[in-house]
Amino acid sequence: MWNKLNKSMMVCQMSFGLSYYGVMAILTRFFLEKLNYSEENTMMIVGSFSAIAPLFAIVGGLISDKLLGNFRSLSLSFFGFTIGYILLLLGANTPNVMLCLLGIALVSYSRGLMLPNYPGLFKNTFDTTEQFEDAYPVNYSVNNLGAFLGLYLFPLLLIVIGFKGGFVLSSIMAVIAFSLLKYLRNSFKQIGSELDKNPVGLKNWTIFVFITISLIGLVYFMFSNMNAGKNIVYVLGSSAILYFLALMVKVNYSERLKMCTILIMVFLSTIFFIYYAQMMTSMNLVAIKVMRGDLFGFIPIAPEGSMSMNPLWCIIAGPVIAFFTTFLERKNIHLQTATKVSFSFVLTFFAFGLLTFAVKNIETDLSLSPEVFLIIHFFQAFAEVIVGSLVVVFILSVAPKNIENFSVSLFHVSMALSGMIGAQLSTSIALNKNQELSQEIIQKSYGNFFGELTFYALIMVGVALVSTYFIKKILAQAEKKSKIA
């Protein structure tokens with residue numbers, strides 16, 4: 001099952017996790033301290049950095065399907081990461097806001113180019129679909145190993161290497177991934193799409209360059225003007241879904257029914273990732289303000305490094321979920337993906353319920369121990385791995401082959417829409433520059449905010465269970481129609 005191609009791809013995945021999430025770990029403090037942004041604008045920037053990238057997975061899927069192929073697109077994404085981190089380095093050296101925004105714009109675009117192409121190429125490195133489905137959660141854990149190292153180490157390394165050193169380290173990791181892909185390019189081309197196996201003409205390259213320059217410019221504008229930027233995200237995300245609906249008209253009835261189930265899963269994913277977005281925005285801000293002390297009294301951890309607890313648990317969650325999924329299948333117990341997503345919302349309910357309880361009962365010293373955040377991230381990480389890995393597998397299992405990459409990109413569209421919505425929601429707890437933190441603000445403002453999120457997580461458990469029923473009926477009908485045809 002395992003071979004040099006899928007192993008090398010997991011090295012690239014870990015390199016991405018280390019570099020991208022390492023930058024994300026220091027981005028909040030970088031904008032607050034180095035670029036002198038307000039709390040509200042910083043949360044919108046950081047939230048958008050997470051949200052905008054998945055939105056451009058739509059374009060990444062189309063570039064792969066129509067212009068360059070899986071492998072070329074994936075290779076170019078890591079080249080883009082390298083240049084983006086270098087621009088951040090140059091921007092931090094001055095400091096220069098324009099270069100910094102251009103850097104994160106290029107990184108966001110490159111991630112959008114990577115997201116829909118990695119799963120399809122990774123799938124082709126296995127002999128069977130079953131092997132891929134069993135391995136994908138493990139790959140998710142490898143990504144989170146890189147993310148954990150980045151989120152944990154980068155805030156601590158700031159003391160020694162500073163922001164510029166962090167951006168240099170991210171550049172090095174991106175170069176390693178790009179070099180590895182280029183070294184094995186002949187082997188990857190053999191398992192890639194048809195476009196990968198043949199030379200690409202000047203017309204395709206010209207279209208790709210035009211799209212790339214246009215979108216990087218668009219993302220830069222969005223980061224420069226977040227009020228307009230969030231509306232652009234909503235318009236583009238909605239347009240992608242409308243385009244998907246238009247594609248449904250062109251397929252047969254059986255495939256149309258299957259595509260309906262993708263839309264249901266995209267809806268559930270969108271709601272879930274609104275909660276996930278809080279990790280980079282509201283939860284991270286609260287941790288920076290109130291998390292004090294070493295983990296278990298002896299493990300040093302920076303407040304903004306609390307996000308590293310999420311991938312730490314994800315590393316464990318991937319193999320655990322893969323084991324239980326395989327165990328249930330051996331027992332001939334096959335749970336619908338939507339049912340598994342309902343479990344995610346149960347875990348999310350516990351995560352945000354604990355966070356609500358913690359801030360509602362905070363003492364006058366205005367501090368919470370790292371252990372509180374460790375438990376919160378335990379619940380949310382297991383929920384994330386269920387949605388993040390199994391929903392993609394579900395989409396690949398029902399999507400028409402000719403729009404497989406675009407269908408996967410809809411999952412990332414859900415992350416973009418929810419990331420932007422989540423960032424907007426989180427600004428409700430932002431303080432003004434001269435406003436001092438108090439016990440009352442933490443208990444009422446933070447407590448009420450997280451309390452409402454806890455309540456709606458419970459509602460979504462029921463919604464996901466109802467969705468399970470409808471998806472089962474729709475797929476059964478699709479199978480019936482397929483046999484008749």
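Rule-based calculations on the coordinates, nothing more; no lab input. Just so you know, these numbers come straight off a predicted model, no measurement behind them. Ideal geometry is used to build each Cβ from the backbone, glycine not excepted, and the neighbour counts take in all protein chains shown.
Less than 5 angstrom separates the built amide H of residue 362 from none of the residues sequence-distant by 5 or more or on a different chain.
Per the helix-only calculation at 222 nm, which mean residue ellipticity applies to the chain, given -39500 (n - 2.57) for every DSSP H run of n ≥ 4 and division by its residues, nearest 500 deg cm²/dmol?
After summing the helix terms and dividing by the residues of the chain, the value is -27500 deg cm²/dmol.
Taking the Cα centre of the chain as origin and assigning +1 to Lys and Arg Cβ atoms and -1 to Asp and Glu Cβ atoms, the resulting dipole is close to 1420 debye. Take every pair of alpha-carbon atoms less than 8 Å apart whose residues are at least six positions apart; their mean separation over the length of the chain yields a relative contact order of 26 percent. Remark: spin-label model distance residue 172-residue 131 equals 3.5 nm, labels positioned 7 Å along the Cα→Cβ axis. Ellipsoid semi-axes for segment 282-407, based on the Cα gyration tensor and the rule √(5λ), read 34, 15, 14 Å when sorted largest first. Packing, taken as the mean count of other beta carbons within 10 Å per residue, orders the peptides 223-229, 431-437 from highest to lowest as 223-229, 431-437. With the biggest extent put first, the Cα atoms of the chain measure 69, 49, 41 Å across the principal axes.
Both the radius of gyration and Dmax for segment 115-198 are 16.5, 49 Å, in that order, over alpha-carbon atoms.
Sites listed here are GluC sites (Glu not before Pro) in segment 1-66 whose DSSP assignment is loop and whose Cβ has at most 11 other Cβ atoms within 10 Å, and the list is empty. Average 1/r across all pairs of distinct alpha carbons in segment 394-485, invert it, and you get the Kirkwood radius: 17.3 Å. When each of the peptides 186-194, 305-313 is scored by how many other beta carbons lie within 10 Å of its residues on average, the order from highest to lowest is 305-313, 186-194. Approximating the spin labels as points 7 Å out from Cα along Cα→Cβ, the residue 231-to-residue 328 distance works out to 4.4 nm. Taking amide H as placed 1.01 Å from N in the peptide plane, the amide H of residue 368 sits under 5 Å from that of 291, 292, each at least 5 places away or on another chain.
Near residue 295, the amide H atoms lying under 5 Å from its own belong to 301; only residues 5 or more places off or on other chains count, and H is placed 1.01 Å from N.
For segment 294-411, the relative contact order is 37 percent, taking Cα pairs closer than 8 Å that sit 6 or more residues apart in sequence and dividing their mean separation by the residue count.
Would you work out if segment 169-217 is rounded, prolate or oblate? Take a ≥ b ≥ c from the square roots of the eigenvalues of the alpha-carbon gyration tensor; rounded if a/c is under 1.5, else prolate when a/b is larger than b/c, oblate otherwise. Since a/c reaches 1.5 but b/c is at least a/b, the shape of segment 169-217 is classed as oblate. Building the convex hull from the alpha-carbon atoms of segment 86-226 and averaging its projection over directions returns 10.7 nm². The spread of Cα positions in segment 281-338, taken along each principal axis and listed from longest to shortest, comes to 48, 26, 11 Å.
Give the shape of segment 225-357 as rounded, prolate or oblate, defined through the alpha-carbon gyration tensor: a ≥ b ≥ c are the square roots of its eigenvalues, a/c under 1.5 means rounded, and otherwise the shape is prolate if a/b is larger than b/c and oblate if not. Taking the square roots of the gyration eigenvalues as a ≥ b ≥ c, segment 225-357 is oblate.
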